[in-house]
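Everything below concerns the one structure shown next.
The values are calculated or read from the model by the stated rules, or taken from the named source; none is laboratory data. What you see is a predicted model; the values in this text were computed from it and never measured. Glycine also receives a Cβ, built like all others from the backbone with ideal geometry; neighbour counts cover every protein chain displayed.
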Amino acid sequence: MMHALPALIVIWAVLTGMFLALLAYNGTITRYEENQLFLENVNPREQQRQTVIMRRVNTVLPYIRALGGLSAIMTVVIIGIYTWDAWQRIQGPMQ
């Protein structure tokens, strides 16, 4: 099982890198987002700008959640494989 660990680490690194890139992109999108409630059409340009920002955030959010979840699962799998292999090595000489 340990021979698969380098490949799993590469996959984990790619997933985590994509996750962090999407988080950075989301941060740049929401940098100018303001928490405003537009009750009247006093400033339609600002309202339209905020609508575009929220549409972009809502588009990226499912990918952020999916990549974050996959990265977390891969982390648990890699740690589990490493721990299982270490346990097998410790138990081997004793028997």
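Within the range 42-53, can one find any residue that is at pLDDT below 85, more than 30 Å from Thr75 (Cβ to Cβ) and outside any helix (DSSP H, G or I)? Among the residues of the range 42-53, at least one is at pLDDT below 85, more than 30 Å from Thr75 (Cβ to Cβ) and outside any helix (DSSP H, G or I), which makes the answer yes. Looking across the range 50-74 at every residue that is of a type outside the set (A, V, I, L, M) and surrounded by 14 or more Cβ atoms within 10 Å (Cβ to Cβ), the one that is farthest from Ala7 (Cα to Cα) is identified as Gln50. Among residues of the range 54-70 that are of a type in the set (Ser, Thr, Tyr), those with a Cβ under 8 angstrom from a residue that is modelled with pLDDT of 95 or more and in a helix (DSSP H, G or I), sequence gap 6+ or separate chain, pair up as Tyr63/Leu22.
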